[in-house]
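Each value in this text was obtained by applying a stated rule to the coordinates, not by laboratory testing. Source: prediction; values computed, not measured. Here the Cβ is made from the backbone with ideal geometry for all residues, glycine too, and neighbour counts use every protein chain on show.
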Amino acid sequence: MAYIAKRIGMMLLALFIIILLTFVIEHSIPGGPFTSDRKVSKEVEEALEEKYHLNDPLPKQFLDYLTGILHGDFGPSYKYTGREVSEFIGEGFPLSAKLGGITVLFVLLASIPMGILAAVKNGKWQDMLVMTLATFGVTIPSFVIASILIYVFSFRLGVFPSFGLDSWKGYILPVITLGGYSLSYLARQMRSSLLEVMGMDYIRTARAKGLTEVQVIFRHALRNALIPLVTVLGPTIANLLTGSFVVEQIFALPGLGVYFVNSVSQRDYTTIMGVTIFYAAFLLAMVFLVDVFYVLIDPRIKFD
Amino acid sequence: MDPVISIENLSVSFQTGSGLVQAVRGISYKLNPGEILGIVGESGSGKSVSSMSILRLLPDTARISDESKIIFGGRNLVSISRKEMREIRGGQIAMIFQDPMSSINPLIPVGKQVGEMISQHQHEKSRGEIQKEVLELFRKVRIPEPEKRIKCYPHEFSGGMRQRVMIAMALANHPKLLIADEPTTALDVTIQDQILKQLRELRREYGTSVIFITHDLAVVAELCDRVEVMYGGLILEEAPIDELFEHPSHPYTMGLMAAIPDLERPRSLPLYPIPGSPPDMTNPPKGCPFQPRCPYARRICASRVPDFISVSEQHASRCFLLDPDAPQDEKNPFKYRKS
């Protein structure tokens, strides 16, 4: 338990440093949120700075910002008057998280069996097929995959819509596009990890007990082979749940990724910072969960 | 008395990147009921490969030749179905492996791993019965506080304790035959001694016959009734333990004995390692495999593999120099044996 408390402490410290760095970087890059091609009069500029407290000393601004975050308040958007950054997150994240959650399930349910199949049929056609698919998935960028999927399934065959999430059919192409890379990566990991474990001495012991190959794989090999996979699972899940700009853009889905990229191109400073910090906190939380999960599956790792 | 197992003309080869490795080249031996048979040899002699062949635990690249026979319980283990083999594995023939640190699954409590051995072969037993038997087995192999220890994971055990877990597992179904593949090699000497003592006691109690594979002649002397000396994929000498030490009848065996350290040996006398290294088994020598390293080698030794020549009733050796017609000169180590 002391370990968990320590880990949470470390997480908060990491998060503080991330907030500090984001804040410092945002305030040190040239140009301000209200810089534009049109000349703005000095009075208007001052009034704006006054309104958003930009004329306060930086440490005070930082402290105010930090206090705001503790209350779930990431400040107002500089671009959309009257809108809060937390509103954007509140609007964009549920959609990204829902799509991401479905993708995580799809990736896990497909990659692990694919990896197992490839490892068990090592060198046979099943292995070749899985590895070829996985190589395509890792190497082809998601926007290319999306374009091909839309061309074939929406334009040619007309079976799945090319945008929107109005029915379950709408999810299929975005999920494949979003999960393609992780699916391929995890399937390859699963395969190589299981192949390595199958060569271990304790697998020979299990065979010497008279277990069937299926029993050997599911009782003895699989759990051991999953350990290296869990390591990459945390960042992967965080990555999928927080949404992808590419996928959201192509399939016209109003997720968090779209808000994030728009805020960058529009120099909406508070939104950039807010979403960055939200992403960071989410990633830290997932990595923490993975570490806890480790202890559950590997008795050699203890909370201390 | 029928032998527990008889190996007839066993040959095993491996397909590797550098060619076909002929690891075992036609060996034959028998194991009598209740006997502990030692198989001695250095790394690469084929001793482990030959023992793994019995339960067909070799990697996929290995091939047991069609002429090979491993007769156990009236069946040839080389050709029985996988299902029949699974019933024998762990049921009638059990194995203990060299490295107890890596031979037990790190993620499963040890008691459960031993219990799995029982449930796999005695389906009718309830969980409670199995638990009781596991406790009994842990007591037999002298694991202290068995009630507490069965719930532990392998990493909470020392090497010696893990090997005891392996022995408990191997004996769980009262096998007719126990194959121990260098079970003490990875352990320090005091633990090694305890494990050997344990094996002897358990043999007495369970009446299990044992094939004990080792590179250590000193261990053989302590434990075994009979010995097969292997080198270059062949058995070079076969003898009851006392005979082997009194009348070693192969230059290789003699070399092994000269290399055993002995506390009573004067310090001024050096140990005699055997010069050279074992043959390349992708291209084994045509004659006696030991001939390139043998101090007594003659021309004939390189021409063909010598047949077994009987030294006494149970003692035989593959060496041309034992032939009654061999020249009895200074370079024949066996010349004083002749009556």
Local net charge near B:Arg149, Cβ-Cβ under 14 Å (Lys/Arg +1, Asp/Glu -1): +4
Chain B - mean residue ellipticity at 222 nm from DSSP helices (-39,500 (n - 2.57) per run, n ≥ 4, rounded to 500): -8500 deg cm²/dmol
Ordering of A:223-229, B:145-151, A:180-186 by packing [mean C-beta count within 10 Å, highest first]: A:180-186, A:223-229, B:145-151
Peptide A:207-218 - average C-beta neighbours from other chains (10 Å radius): 6
Ratio of the Cα radius of gyration of the protein assembly as shown to 2.2 N^0.38 Å, where N counts its residues: 1.37
Most fluctuating residue given options A:Ala47, A:Ala134, A:Ala97, as computed from a GNM of chain A linking Cα atoms under 10 Å: A:Ala47
Rel. contact order, % - alpha carbon contacts under 8 angstrom, at least six apart, chain B: 20
Alpha-carbon radius of gyration plus Dmax, which is the widest Cα pair, for region B:14-57 in Å: 12.5, 41
Over 18 Å (Cα to Cα) - which of B:Lys30/B:Lys83; B:Lys151/B:Lys197; A:Lys209/B:Lys176; B:Lys47/B:Lys176; A:Lys209/B:Lys148; B:Lys112/B:Lys151 fall in this group: B:Lys30/B:Lys83; B:Lys151/B:Lys197; B:Lys47/B:Lys176; A:Lys209/B:Lys148
Relative exposure of A:Val216, B:Val49, judged by other C-beta atoms within 10 Å (fewest first): A:Val216, B:Val49
Electrostatic dipole magnitude of chain B [Cβ: Lys, Arg +1; Asp, Glu -1; Cα centre; debye, to 20]: 600
Zone residues, region A:252-276, relative to A:Leu21, backbone N less than 18 Å from point 7 Å out along Cα-to-Cβ: A:272-276
Neighbouring partner chain Cβ atoms per residue of B:104-110, average, 10 Å criterion: 6
Two-decimal Rg/Rh across region B:118-219, once Rg and the Kirkwood Rh are taken from alpha-carbon atoms: 0.97
Exposure proxy order (Cβ contacts within 10 Å, fewest to most) of B:Ile260, B:Ile88: B:Ile260, B:Ile88
Region A:168-268 - Debye-derived log10 I(q)/I(0), Cα point model, q = 0.19 Å⁻¹: -0.92
Rounded to 10°, Cα long-axis angle of helix A:85-120 versus longest principal axis of chain A: 20
Candidates B:Arg82, B:Arg56, B:Arg25, ranked by Gaussian network fluctuation over chain B, Cα under 10 Å, top entry: B:Arg82
DSSP beta bridge pairing in region B:150-281, given as percent antiparallel to the nearest 5: 55
Reciprocal mean inverse distance between Cα atoms of region B:147-297 - Kirkwood radius, Å: 17.9
All-pairs Cα distance distribution in region A:232-304, expressed in whole percent, bin size 10 Å: 19, 37, 25, 13, 6
Spread of Cα-to-Cα distances over 10 Å intervals beginning at zero, given as percent, for region B:214-339: 12, 42, 36, 9, 0
Distance cut-off 27 Å, percentage of C-alpha pairs in chain A lying past it: 56
Theoretical ellipticity at 222 nm over chain A - DSSP helices of four or more residues, -39500 (n - 2.57) apiece, nearest 500: -23500 deg cm²/dmol
Residue order, fewest to most beta carbons within 10 Å, for A:Leu54, B:Leu10: A:Leu54, B:Leu10
Kirkwood-based shape ratio for chain B, expressed as Rg/Rh from alpha carbons: 0.99
At 0.692 mPa s and 37 °C, Stokes D of region A:98-255 from Kirkwood alpha-carbon radius, µm² per second: 195
